[in-house]
Structures are given as C-alpha cells and as structure tokens.
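The values are calculated or read from the model by the stated rules, or taken from the named source; none is laboratory data. Just so you know, these numbers come straight off a predicted model, no measurement behind them. Backbone-built Cβ (ideal geometry, glycine too); neighbour counts: all protein chains shown. Keep in mind that these areas ignore ligands, DNA and RNA; they rest on the heavy atoms of the full protein, side chains included. Shrake-Rupley method; radii C 1.70, N 1.55, O 1.52, S 1.80 Å.
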Amino acid sequence: MEAVGFLCFVAAVVAWGFLWVWDSWERMRSQEPAGVPGDGSKTLLVIAHPDDEAMFFAPTLLGLARLRHRLSLLCFSAGNYYNQGEMRKKELLQSCDVLGIPRSSIMIIDNRDFPDDPGVQWDTERVAGTLLQHVEANGINLVVTFDAGGVSGHRNHVALYAAVRTLHSEGKLPKGCSVLTLQSVNVLRKYISLLDLPFSLLHTRDVLFVLTSKEVAQAKRAMSCHRSQLLWFRRLYLLFSRYMRINSLHFL
C-alpha cells in the first residue's frame with residue numbers, strides 16, 4: 001500500500017508540473033512580451049557569421065514576426081574561415097528568405113577588420129562604431145544579439161556583445177533603442193530540446209519565445225539552407241538543440 005501511495009504522489013506531482021508548464025506556456029503565448037517594442041518596430045539582429053540567424057536566433061526572429069516587427073540583419077563576417085565566404089553569403093540570403101527578413105534589409109560585412117576566426121578578438125570600438133552607424137541610419141528600435149557567453153563561447157559572438165554593451169553603457173544608442181541579448185545556457189540544457197521549457201519558464205527574466213511545431217519546421221528549413229555547414233554533428237544539433245525551439249532573452 002505504501003508503494004501505491006508513493007506512486008500516486010509522484011503521479012500527482014508530475015501532473016501538477018505538466019499543468020503548470022502548459023498554463024505558463026499558454027499565458028506566455030497569449031501575451032506580448034513586456035518591454036518589447038510593438039507592432040511595426042524596426043528590429044536589427046546582429047550576428048557574427050552566416051548560419052547564426054538560424055542556428056541560434058530562429059525562435060526570436062519568428063516570435064518577433066508574430067509581433068509584426070520589421071526585421072533586418074547585420075552580419076559582421078562572410079564566414080570565410082574555410083574559404084567558403086561567397087557560398088555562405090548566398091546561403092544566408094536563402095535562410096533569411098525562409099525566416100522573413102527581406103534581402104533589402106540584410107547587410108553582410110566582408111573585410112579584414114572582422115575575420116571569421118575563433119582565435120581573433122575583434123576590436124570592440126570598431127564593432128561598436130560600425131553597429132551604431134547602422135542603427136542610426138536605419139532608425140532601429142530594438143537590437144538583438146548574443147550575451148556575454150556567446151551561446152557557444154565563440155570569440156566573434158562575444159565581441160558583438162562587448163560592442164553592444166559598450167554602446168549601451170555609454171549611452172550612445174539612440175533614444176528609445178532597446179537591446180535584447182540571447183541567454184547562454186549550460187551544455188545539458190542546450191541539448192535537451194523542448195525538455196528545457198520548464199527551466200526556461202523558471203529562469204527567464206525578460207523575454208521568452210517558444211516555437212510551434214510548424215515554426216520549428218520553418219526554423220529547420222532555414223538551417224537547411226546552410227548546406228555547406230550541415231556536417232553530421234550539426235544535423236544532431238537540429239534534432240536536440242533547445243535553440244531550435246526556445247530562446248530566452250534579457251534586456252541590457
């Protein structure tokens with residue numbers, strides 16, 4: 001009898017947990033995220049390499065599209081580490097077509113100041129100056145980029161955060177321009193896919209985007225555009241990474 005009672009208790013806890021997650025998710029989906037600019041806002045995604053937009057930020061892009069944001073993208077390199085830059089630029093444009101970013105709103109920087117190289121630390125002031133010029137010229141209301149962990153720890157990702165942090169802390173961003181950074185999580189959480197949802201609901205301070213099954217398929221189509229990068233371990237990433245389904249973001 002004690003074993004039956006214990007199993008009933010466990011079942012009740014699991015059921016309560018499931019209902020809590022479901023209720024929290026439904027409430028989250030039915031509400032606009034607090035602090036995020038509204039319908040028609042101009043949002044700029046700032047990435048380091050072609051494929052960052054699909055590999056890490058697809059839930060954010062598709063979530064902001066739901067909110068009717070006008071999306072644009074600034075990519076700081078052509079992804080030429082293996083001399084595939086021209087191919088990767090084309091793949092980025094194809095991916096953005098799937099994710100709803102107009103080609104006229106995409107800028108890819110391809111120069112020696114910002115090489116695709118995990119061993120090179122980009123100059124923070126140069127990144128910040130280039131970014132600020134783009135923000136001011138295009139009337140951007142919201143900047144989205146990596147946090148201090150860069151999701152994967154890549155130096156080029158971290159350099160973007162350092163630049164945005166500098167602009168924000170020094171008050172150089174235009175009035176009314178907000179910054180959202182994508183939360184880095186530990187390796188376990190990173191590869192448990194939708195099972196990370198309870199942790200994300202508990203630990204997200206500001207904004208959480210969770211994709212529907214239809215949107216997940218869209219995100220995978222976008223990633224599949226990057227054919228030059230679809231090595232076996234990235235195919236596993238498509239299956240197991242929570243970043244293909246969930247983005248939790250924090251305001252600076």
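Descriptive notes on the structure:
- Within the stretch 117-132, being open to solvent by 50 Å² or more (accessible area, probe 1.4 Å) and either acidic (Asp, Glu) or in a helix (DSSP H, G or I) (or both) holds for 123, 125, 126.
- For residue 64, the stated conditions hold: it is open to solvent by less than 10 Å² (accessible area, probe 1.4 Å) and among the aliphatic types (A, V, I, L, M).
- Screening the stretch 46-116 for helices (runs of 4 or more DSSP H) wholly inside it with 1 or more residues that are more than 21 Å from residue 215 (Cβ to Cβ) and not acidic (Asp, Glu) returns the ranges 85-99.
- Residue check, residue 74 open to solvent by less than 10 Å² (accessible area, probe 1.4 Å), out of contact with any Ser or Thr (no Cβ under 6 Å at 6 or more places or on another chain) and under 13 Å from residue 243 (Cβ atoms): no
- Residue check, residue 142 of a type in the set (A, V, I, L, M, F, W, C) and either modelled with pLDDT under 95 or crowded, with 19+ Cβ neighbours inside 10 Å (or both): yes
- Yes/no for residue 34 being modelled with pLDDT under 90, of a type in the set (Gly, Ala, Ser), farther than 21 Å from residue 138 by Cβ and not in a loop (DSSP other than H, G, I, E, B): no
- Scoring residue 219 on the criteria (1) in contact (Cβ under 8 Å) with a residue 60 or more places away in the chain; (2) over 16 Å from residue 49 (Cβ atoms); (3) in a helix (DSSP H, G or I); (4) open to solvent by 20 Å² or more (accessible area, probe 1.4 Å) leaves a single failure, condition (4).
- Summed over the stretch 181-216, the residues that are more than 11 Å from residue 246 (Cβ to Cβ), open to solvent by less than 50 Å² (accessible area, probe 1.4 Å), not polar (S, T, N, Q) and not in a helix (DSSP H, G or I) give a count of 1.
- Residue in the stretch 136-146 that is in contact (Cβ under 8 Å) with a residue 40 or more places away in the chain, charged (D, E, K, R) and not in a loop (DSSP other than H, G, I, E, B) present: no
- Within the stretch 159-175, residues that are within 16 Å of residue 44 (Cβ to Cβ) have Cβ atoms under 6 Å from residues that are surrounded by fewer than 20 Cβ atoms within 10 Å (Cβ to Cβ) and of a type in the set (Ser, Thr, Tyr) in these pairs: 163/124, counting only partners at least 6 apart in sequence or on another chain.
- From the list 88, 103, 70, 126, the one residue that fits, being touching a residue at least 12 places away in the same chain (Cβ under 8 Å), of a type in the set (Lys, Arg) and within 17 Å of residue 43 (Cα to Cα), is 70.
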